[in-house]
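The values are calculated or read from the model by the stated rules, or taken from the named source; none is laboratory data. Not measured: the values here are computed from a predicted model. Here the Cβ is made from the backbone with ideal geometry for all residues, glycine too, and neighbour counts use every protein chain on show. When the accessible area is computed, the model is the full protein with side chains, heavy atoms only, and any ligands, DNA or RNA have been set aside. Shrake-Rupley method; radii C 1.70, N 1.55, O 1.52, S 1.80 Å.
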2 protein chains.
Amino acid sequence: MPIIAVLGTLDTKGAEHAFIAEAIRARGHEALLIHVGCLEEPSITPDVPVEEVAAASGEDWKGIFAKKDRGESVALMARASAAYVARLAEQEKIHGIISLGGGGGTAIATAAMRALPVGFPKLMVTTLASGNTAPYVGTKDIVMMPAIVDVSGINRISRTIFENAAGAICGMVEEAAARLARPAEDRPLIVASMFGNTTACVDKAKTLLEQSGYEVLVFHATGTGGRTLESLVESGMVAGVLDITTTEWADELAGGILSAGPTRLEAAGRADVSAVVTPGCLDMVNFGEPHTVPAKYAGRTFYHHNPQVTLMRTNADECAELGRILAEKVNAYTAPVSVLLPKKAISIISAEGKPFYDPAADEALFSSIKKHLRAGIPLMEFELEINDPAFAAACATALLENIAAHHAP
Amino acid sequence: MPIIAVLGTLDTKGAEHAFIAEAIRARGHEALLIHVGCLEEPSITPDVPVEEVAAASGEDWKGIFAKKDRGESVALMARASAAYVARLAEQEKIHGIISLGGGGGTAIATAAMRALPVGFPKLMVTTLASGNTAPYVGTKDIVMMPAIVDVSGINRISRTIFENAAGAICGMVEEAAARLARPAEDRPLIVASMFGNTTACVDKAKTLLEQSGYEVLVFHATGTGGRTLESLVESGMVAGVLDITTTEWADELAGGILSAGPTRLEAAGRADVSAVVTPGCLDMVNFGEPHTVPAKYAGRTFYHHNPQVTLMRTNADECAELGRILAEKVNAYTAPVSVLLPKKAISIISAEGKPFYDPAADEALFSSIKKHLRAGIPLMEFELEINDPAFAAACATALLENIAAHHAP
């Protein structure tokens, strides 16, 4: 029987979560009441007390609670809840999650939900659904239901919302259970990273991979794109990663606007997924209009992609550092992975005669990758530009071989 | 058997909506495929063609389509879809609605959903769920589910999301059907509008109404608060409106930052709900920090509520206009309504000796209300300040009488 986590601040919103739990049980599912509020005693008896959740943080939670600082306590419980429910889900002890909250409750519960894989049913009933949801939803499939009125008591309106919410999470969990009971119906999936400057390469490799029976989903390396790619890799629904465009690390390093954060390139390692990685577009850092470029970069090489997009060429120092980062991230991969270097150009505009042509910077990048990459990871060098069909074909072939090797007995 | 509207741009996203419809039918419900795309022929056969939806706009839809302007066509279909599904829901021909969309599809479908009452199940699977959802969700209970990948084909990830979505809308519709089959379990509901400057009045009236067996939900007159109040009144879940704080009209008229739009004070009329209306806080227009006040208001009377909130006293001309607007809105009410005037002060700070004391402006307001209010609507004048317990009691009593009269045989 599916078990649905009903997680919330049961000190201030106990009756409301109990109502949801009861509605879930009335539909024939089990509810697991998890208390994540740290202000007062819960108003109902939870199945999981706040102390058990807090301990999952691995931090000095008693010391943090003792400070009675609301912001600090909420942040701690967000981290703790994420660790706690991720473990429950991994152990298949929960099959869905629902929460009701205002500001603090939404911060805690959505942090927990963001720690769960895509496809795992997650529903947040919140007063914050109509507004900027990005900090709460992130790149996950967190379903946001507007609470309409404060989560404070059961009345004609909140009852209606809560009943609909219980129906929604139960329906999602029922569909998810049915899906797990069926054999997979779709072609195995490959995710790819792309920029305008690597489109020809990705398009060509995509065609070849599709001809081999794969479905290829392409993500633009805009920060959000890279984060979503990583999030899907972690969900376990992906057979391989065609990471042609790792440029988001240049933005992360130099303060550009399209960073995907410091965990970019980590998901394939954590999820044991086969991959191909290239230093595509590590020649460029993205800024907005020219006046938005930090003053410290005066004198650097820029390319005005359009009035709203100003690209800065990474220099040799940055390239050496980017090479080290890329290699060290890839060193943590557990499934077969290959690193392919297109030595004639890592983007359209870094080719000879183009505005970002800088052989010294490229050499710093390539030699740093070589220096830091651990033994056992194939490093393949090509005297080609990244968008050369032969390079694209090499990437596709390497990925197919890595996927095959990973599943070989 | 419940019928779920599956509404979308079936020219570009036909297969995806057909997938949802099939999943709904597999759960034993009916699906009604509504085509709202106007670019090309639908890729599947809809139950409702785009022409039938477009005609519901009452506009020259053929002329607008002929211009081939995407923005104009999307805006037209948003208006048309709203009119079309509102009628279907009113006729009880649909019991839930779901849609999948990117930018255009989300704009059209959520416009349709915003035209449906709170409690009516509505689910939007969209690429825009993680970001500013306010333009799409508004004050309604539109459930937003992140699409994670583009709504473009059925693959391992989109299938997972779509299956969860079908489960969610079916579960919501099942709960809603069960609710309609049960007798109402809650105390009848009154919604009230409040500002800091009318808190004592609303609190006192709330207590009295609760003692008479009602539940009172209070909304702060912040624009969003007034819109939500109106939205709930329209949903048919409300027995009475205690509109003590109509101040949002001052912001609408003078360009303040807390306007609830030009339809504030219309819902009670449209939904035939009993009400009490007072000109509470029509002495004040809300601006942000002092430098944000428009230059044209130099020389007016201001009150610095706090560093972020600057209040401007409405003058006699504005008050006369506000009186006319209030009266004309109330003239359209169909259920019993009373207008109560607290002649000594319409806020804390407009009382004698306080910064917004201005008897001439108050008199312009009161006499304009008197002049424009239609015969048959009781206008009750009190030589009291708005927060006087006796005025609060008079408001509560009038509302109870109006509710009783409305339901009398």
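One table, with the values for the structure above:
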{"quantity": "Solvent-accessible surface (1.4 angstrom probe) belonging to B:LEU39, in square angstrom, nearest 10", "calculated": "110 Å²"}
{"quantity": "Among B:ASN387, B:HIS406, B:LEU282 the positive-end extreme of the charge dipole of the stretch B:189-407 (Cβ point charges)", "calculated": "B:LEU282"}
{"quantity": "Computed log₁₀ I(q)/I(0) - Debye formula, equal Cα scatterers, no solvent, the stretch A:3-180, q 0.12, 0.15, 0.16 Å⁻¹", "calculated": "-0.48, -0.77, -0.88"}
{"quantity": "Excluding exposed DSSP-loop trypsin sites (Lys or Arg not before Pro) (at most 15 other C-beta within 10 Å), longest clean stretch of chain B", "calculated": "B:94-299"}
{"quantity": "Magnitude of the charge dipole, chain A, Cβ model with Lys/Arg +1 and Asp/Glu -1, debye to 20", "calculated": "300 debye"}
{"quantity": "Counting DSSP beta bridges with both ends in the stretch B:243-375, the antiparallel % (nearest 5)", "calculated": "70 percent"}
{"quantity": "A:TYR333, A:TYR136, B:TYR357, reordered so the largest accessible area comes first (probe 1.4 Å)", "calculated": "B:TYR357, A:TYR136, A:TYR333"}
{"quantity": "For chain A, the longest site-free run once GluC sites (Glu not before Pro) in DSSP loop states with at most 12 other Cβ atoms within 10 Å are removed", "calculated": "A:186-351"}
{"quantity": "Cβ-based net charge around A:GLY171, under 12 Å, with every Lys or Arg adding one and every Asp or Glu removing one", "calculated": "-3"}
{"quantity": "MRE, 222 nm, helices only [DSSP H, n ≥ 4, -39500 (n - 2.57), over the protein assembly as shown, to nearest 500]", "calculated": "-13000 deg cm²/dmol"}
{"quantity": "Label-point gap, in nm, between B:ASN132 and B:HIS407 - each point 7 angstrom along Cα→Cβ", "calculated": "4.3 nm"}
{"quantity": "Which listed pairs, of A:LYS140/A:LYS343; B:LYS122/B:LYS204; A:LYS67/B:LYS140; B:LYS67/B:LYS329; B:LYS206/B:LYS329, have C-alpha distances above 32 Å, in listed order", "calculated": "A:LYS140/A:LYS343; B:LYS122/B:LYS204; A:LYS67/B:LYS140; B:LYS67/B:LYS329"}
{"quantity": "Förster-model FRET efficiency, 56 Å R0, B:ILE257 and B:ILE44, C-beta, rounded to 0.05", "calculated": "0.75"}
{"quantity": "On Cα atoms only, tilt of A:70-90 relative to the major axis of chain A in degrees", "calculated": "80 degrees"}
{"quantity": "Degrees between helix A:156-181 axis and first principal axis of chain A (Cα, 0 to 90, nearest 10)", "calculated": "50 degrees"}
{"quantity": "Chain A: relative contact order in percent, alpha carbon pairs under 8 Å with at least 6 residues between", "calculated": "11 percent"}
{"quantity": "Sequence-separation-based contact order of the stretch A:146-299, relative, with Cα cut under 8 Å and 6+ spacing, percent", "calculated": "20 percent"}
{"quantity": "Å² per residue, accessible surface of chain B at 1.4 Å", "calculated": "38 Å²"}
{"quantity": "GNM result for chain A, Cα springs below 10 Å: residue of A:VAL309, A:VAL50, A:VAL173 fluctuating most strongly", "calculated": "A:VAL309"}
{"quantity": "Percentage relative contact order, the stretch A:3-180, counting C-alpha pairs under 8 Å, at least six apart", "calculated": "22 percent"}
{"quantity": "Inter-chain Cβ neighbour average for residues B:20-28, partner chain, 10 Å", "calculated": "1"}
{"quantity": "Neighbour net charge for B:ILE161 - beta-carbon separation under 14 angstrom, K R +1, D E -1", "calculated": "0"}
{"quantity": "A:HIS406 accessible area, 1.4 Å probe, all protein chains in place, Å² to nearest 10", "calculated": "60 Å²"}
{"quantity": "Heavy-atom accessible area ranking, 1.4 Å probe, most first, across B:SER152, A:SER99, A:SER367, B:SER259", "calculated": "B:SER152, A:SER367, B:SER259, A:SER99"}
{"quantity": "Neighbouring partner chain Cβ atoms per residue of A:236-243, average, 10 Å criterion", "calculated": "1"}
{"quantity": "Probe 1.4 Å - accessible area at B:MET1, Å² to nearest ten", "calculated": "150 Å²"}
{"quantity": "Residue of A:ALA111, A:ALA392, A:ALA184 that the Gaussian network model of chain A assigns the largest fluctuation, springs spanning Cα pairs under 10 Å", "calculated": "A:ALA184"}
{"quantity": "Ratio of the Cα radius of gyration of the protein assembly as shown to 2.2 N^0.38 Å, where N counts its residues", "calculated": "1.06"}
{"quantity": "Nearest-ten-degree value, helix B:316-331 long axis tilted from longest Cα axis of chain B", "calculated": "60 degrees"}
{"quantity": "Lys, Arg +1 and Asp, Glu -1 on Cβ, resulting dipole of the protein assembly as shown about Cα centre, debye, nearest 20", "calculated": "0 debye"}
{"quantity": "Whole-angstrom Cα spans of the stretch A:80-120 along principal axes, big to small", "calculated": "29, 19, 15"}
{"quantity": "Selection from B:THR310, B:TYR214, B:ILE369, by position along the positive dipole direction of chain B (Cβ)", "calculated": "B:THR310"}
{"quantity": "Three-way shape label, the stretch A:350-389, alpha-carbon gyration tensor, a/c 1.5", "calculated": "oblate"}
{"quantity": "Cut-off 10 Å between beta-carbons: net charge of the residues surrounding B:ALA271, Lys and Arg +1, Asp and Glu -1", "calculated": "-3"}
{"quantity": "Radius, Kirkwood style, for chain B when every pair of distinct Cα atoms is counted (Å)", "calculated": "23.1 Å"}
